[in-house]
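Here is the structure we will look at, set down as structure tokens.
The values are calculated or read from the model by the stated rules, or taken from the named source; none is laboratory data. On a predicted model such as this, the values are computed, not experimentally measured, just so you know. Ideal geometry is used to build each Cβ from the backbone, glycine not excepted, and the neighbour counts take in all protein chains shown. Ligands, DNA and RNA are stripped out before the accessible areas are found, and what is left, the full protein with its side chains, is counted by its heavy atoms. Shrake-Rupley method; radii C 1.70, N 1.55, O 1.52, S 1.80 Å.
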Amino acid sequence: MAAPMELFCWSGGWGLPSVDLDSLAVLTYARFTGAPLKVHKITNPWRSPSGTLPALRTSHGEVISVPHKIITHLRKEKYNADYDLSARQGADTLAFMSLLEEKLLPVLIHTFWVDAKNYVEVTRKWYAEAMPFPLNFFLPGRMQRQYMGRLQLLCGEHRPEDEEELEKELYQEARECLTLLSQRLGSQKFFFGDAPASLDAFVFSYLALLQQAKLPSGKLQAHLRGLHNLCAYCTHILSLYFPWEGAEAPPPRQTSPNPETEEEPYRRRNQILTVLAGLAAMAGYALLSGIVSIQRAPSARAPGTPALGMAEEDEEE
């Protein structure tokens, strides 16, 4: 009997099954199709077999870490949310997916990872509280730099030099995108009728993050909340497919992972890496703060005895 497929993704928060855009999209697609996944919701990407989240371990042991490739694999396994779509609807799916990536994704990145108030009070706060020590000291900052690099790629070479002008342009295009989505959805339950498709999984992941997070700076969030059919659409999917999932507070840090929920090779590797990172951080702090200093002790030897040149470490209480 083949091993079950396993999905590793970021844990839930803000009333959502996952706080990560890509993880939420894959989780939602899997729920739409009923794919039999063993889901590991974690807050330490080092516990993933790829070192990133989301990641899928297939029944044959292959590891896939790109959201679109994960969904493509699920389709190959006969879990296809787009099976009943017409050729016209398939073309519309591609068009709207491109619209989301070009117009809405840059503003989502800016909202959660670039806007100073939102990053400090919401994004960094959640990840720092959820991640285990010592990852919570440096991983949120590294993730922010990665997202800022991704934003630069999305904006391209023709973006305005002035940051305020760029922000104004991005938010204007995002508001137009949300309005267009609202008009396309209309009074339907899903974008192509009464059954969800892959487009719904991605649209939901974008909108739900924006709707659910308590943002101190929520310019685009205010516009979304004025589009009542999109808000009802998100609430409907949450209540229907994720009735018992999501939490307002981040999950407690796991100081000693449960052996039954984590594979042995990755647990041992992660324990070693975490200990080494902690020791390095403590040693660096001790050296920088002067608690520990390294000095070359004067040699005290009898005349004619060769010098051995040792460095001694003096620890001050």
Can you give the local net charge around Gly218? Use residues other than it whose beta-carbon is closer than 11 angstrom to its beta-carbon, Lys and Arg +1, Asp and Glu -1.
+3
Quick one: of Lys69/Lys214; Lys125/Lys219; Lys76/Lys219; Lys41/Lys69; Lys103/Lys189, which pairs are farther than 29 Å apart, Cα to Cα?
Lys69/Lys214; Lys76/Lys219
Within 10 Å, count the other beta carbons around each residue, average over each peptide in 99-105, 25-31, and list them highest first.
25-31, 99-105
When only alpha-carbon atoms are used, what values of Rg and Dmax, in angstrom, describe the range 111-208?
17.1, 48
Could you calculate the contour length gain from Arg150 to His236, that is, 0.36 nm times the residue separation minus the distance between their Cα atoms, to one decimal place in nm?
27.9 nm
Using a 1.4 Å probe, what is the accessible area per residue for the range 27-72, in Å²?
39
At a 1.4 Å probe, what is the % contribution of carbon and sulfur to the accessible area of the range 162-230?
47
Cα-based Rg (one decimal) and Dmax (whole number) for the range 1-157, in Å?
16.8, 51
So how long is each side of the range 43-112 along the principal axes, counting just the alpha-carbon atoms, biggest first, in Å?
40, 36, 13
Among 54-67, 216-229, how do they line up by average Cβ neighbours within 10 Å per residue, starting with the highest?
54-67, 216-229
With the Cα gyration tensor of the range 102-154 in hand, convert its eigenvalues to equivalent ellipsoid semi-axes via √(5λ) and list them largest first in whole Å.
21, 12, 7
Compute the accessible area per residue over the range 77-179, keeping the other protein chains in place, probe 1.4 Å, unit Å².
58
How large, in percent, is the carbon and sulfur part of the accessible surface of the range 47-110 at a probe radius of 1.4 Å?
50
Spatial extent of the range 5-54: Rg and Dmax, with the Cα atoms as the point set, Å
10.2, 28
